[in-house]
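To start, the structure itself, in structure tokens.
The values are calculated or read from the model by the stated rules, or taken from the named source; none is laboratory data. Remember, it's a predicted structure, so these values are computed and weren't measured experimentally. Here the Cβ positions follow ideal geometry from the backbone for every residue, glycine too, while neighbour counts run over all protein chains shown. Just the protein is used for accessible areas: all its heavy atoms, side chains included, with ligands, DNA and RNA removed. Shrake-Rupley method; radii C 1.70, N 1.55, O 1.52, S 1.80 Å.
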Amino acid sequence: MIGIRRVSPFPPKMREATQDAVTRVNQQRLWRRHMEMARIGAIPGNGVNRAALSGEDIIARKLLIGWARARNFSVAIDGIGNLFVRRAGLDPQAPPVMTGSHMDSQPRGGRFDGIYGVLAGLEALEAIEEAGVQTRRPIELVAWTNEEGGRFPPCTMGSAVFTGARRLEDFLEVRDNDGILLRDALASTLAATPDAQRREFNFPAAAYVEAHIEQGPRLEMDGRTIGVVTGIQGLRWFNIEVFGETAHAGTTPLAARKDALKDAVAIINALAELTRDDSDTVRFTVGRMLVTPNSTNSVASHVLFSVDLRHPDPETIHRLGEAVEPLAQKSASHCSVKVTPTLADDPCVFDTRVVDAVEHATEELKLSSLRLPSGASHDAMYMARVCPTGMIFVPCEKGISHNEAEKAKPEDLAAGAKVLAATLLELANG
Ligand code: GLV
Ligand code: MN
Ligand code: MN
């Protein structure tokens, strides 16, 4: 691990510089930028549909690059389109302290999931720049490609490839619901930013801190402003395909059918039974289904559906994950079944040095806070494999997320950006 020391009280000079930077976090600018980004891919009900590697994603990237260049921050991009914005440090050879999140959204997403971490990171960089604080390490903002996985599954793809957990080649043939290949969408995205310097995957980072809306109700319920995130629960994703035979809905006897949709429903019911949990800790979701030929009066010949399984305990998520394929095979009566695992992330626990640094910054800023784990997944999960990592949560109304109605308060967003700026400064001089 790269020389991040344990947290100690800020020395007086550093404390002054940090205070100066933190007071320059500009709530209005941060909010205005959220609203400007929300116009890109805006959908009714204040929502956002900004799919990864889409035309809207490209427009959002250009807007971010424009803001970065206006400050003379350098801009780079890697082979999967992860975008890097760097504020130089005194030691250009020192691995940077990194922050960031994602600009893609769910198909019916809100205005804060992901984009908050990118804009809070930019706000922190700008505040530090305005205060003229010099840091030993560079501080680098990253906008990860395809965190959501809503268009091209699985999620957290950019950070998985960046950290070497997965290979870019493994994702190039993934198709979206319209049959478009990730390979082609990525090529258009890379071509749209020809003047960004090209970066290698997996360059060393000293630490990574990601700001995000909580996407759950804990902070709001407890009346706290900042969530000091301790880790992320484990998850498993699968694509399950059921192969049947199309036939006439009015004439074909039931006994003679190979109805792919009926078998898909049987599999889903069996999985729901497997994951039934009185403590309501297991998360089981079937959120995507493609039916062929998708006609009222034809028996379905093919169904593809997704499975998203989550649990904080490593043994439980492993056991449930292992049970999916045999149960799916057993539950189909007339059709053949193919199960493809697309994601397997064990629960992660964040490095105490970063968790403590976030908490320390929160105390220095006299903000109320709560330590809590993350139910949602984030790019921080992969970064935690390669460098000390942590996250900062801010409240969102009623915990609503992956929904157009997602809401967060300007003052909470600014508070999170202040904690981020202070944490980055502490880590960048460590
Ligand atoms: C990220 O959006 C997740 O699915 O947790
Ligand atoms: Mn997110
Ligand atoms: Mn999300």
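Here are some notes:
- At the residue level, V299 shows approximately 10 square angstrom of accessible surface with a 1.4 angstrom probe and all protein chains present.
- Annotation: extensible slack from T193 through E273 equals 24.0 nm (criterion: 0.36 nm per residue apart, minus Cα-Cα distance).
- Residue-wise HN-Hα couplings along the range 233-243, as the Karplus relation 6.51 cos²θ - 1.76 cosθ + 1.60 with θ = phi - 60° gives them from phi, are 6, x, 8, 9, 10, 9, 9, 10, 10, 10, 10 Hz; Gly and Pro carry x.
- Against the empirical curve 2.2 N^0.38 Å, the C-alpha radius of gyration of the range 199-246 lands at a ratio of 2.03.
- Computed 3J(HN,Hα) for the range 194-210, one whole-Hz value per residue from the Karplus formula 6.51 cos²θ - 1.76 cosθ + 1.60 where θ = phi - 60°, is x, 8, 7, 4, 8, 10, 7, 6, 6, 5, x, 10, 7, 5, 9, 10, 10, glycine and proline marked x.
- Point-to-point label distance, R136-A255, nm (Cα→Cβ direction, 7 Å offset): 8.0 nm
- Interchain or long-range residues, amide H under 5 Å from T230's placed H: L372, S374
- Among residues other than R175 with Cβ under 15 Å from its Cβ, the summed charge is -3 (Lys and Arg +1, Asp and Glu -1).
- Against the chain, whose longest principal axis comes from its Cα atoms, helix 352-364 is set at around 60 degrees.
- Share of carbon and sulfur in the accessible heavy-atom surface of the chain [1.4 Å probe, %]: 50 percent
- Separation of alpha-carbon centers, the range 128-158 and the range 261-298, rounded to whole Å: 35 Å
- Long pairs among K62/K398; K366/K418; K262/K330, criterion Cα-Cα beyond 22 Å: K62/K398
- Other residues within the sphere of radius under 10 Å centred on the Cβ of A51, judged by their own Cβ, net out at -3 (K and R +1, D and E -1).
- Mean separation of Cα contacts under 8 Å (6+ apart) over length of the range 210-291, as relative contact order %: 17 percent
- Shape annotation for the chain: C-alpha extents along the principal axes are 82, 48, 40 Å, from largest to smallest.
- When Rg and the Kirkwood Rh are both derived from Cα coordinates, the Rg/Rh ratio for the range 268-368 amounts to 1.18.
- Formal net charge of residues neighbouring K338 (Cβ-Cβ distance under 13 Å; K, R +1; D, E -1): -3
- Separation in nanometres of the label points that stand 7 Å from Cα toward Cβ, at E220 and T340: 3.7 nm
- Spacing of the two label points (7 Å from each Cα toward its C-beta) at R108 and R288, in nm: 1.7 nm
- The range 107-200: GluC sites (Glu not before Pro) in DSSP coil with no more than 12 other Cβ atoms inside 10 Å: E173, E200
- Solvent exposure of the chain amounts to 41 Å² per residue of accessible area, where only protein heavy atoms count and the probe is 1.4 Å.
- Whole-Hz couplings from phi, Karplus 6.51/-1.76/1.60, listed for the range 152-161; x for Gly and Pro: 10, x, x, 6, 6, 6, x, 6, 5, 6
- Cα long-axis angle, helix 12-23 against the chain (0 to 90 degrees, to the nearest 10): 60 degrees
- Heavy-atom accessible area ranking, 1.4 Å probe, most first, across T251, T296: T296, T251
- Chain lengthening between A42 and S295 when straightened (0.36 nm per residue, less Cα-Cα): 88.0 nm
- Three semi-axes describe the equivalent ellipsoid of the range 330-430; taken as square roots of 5 times the Cα gyration tensor eigenvalues and ordered largest first, they are 35, 20, 10 Å.
- The H on the amide N of A211, modeled in the peptide plane, is under 5 Å from the matching H of G100, I392, each at least 5 residues off or on a different chain.
- Full extension of the chain between L327 and R175 yields a length gain of 52.1 nm, computed as 0.36 nm times the residue separation minus the alpha carbon distance.
- Accessible area in the full protein assembly, largest first, 1.4 Å probe, for M391, M35: M35, M391
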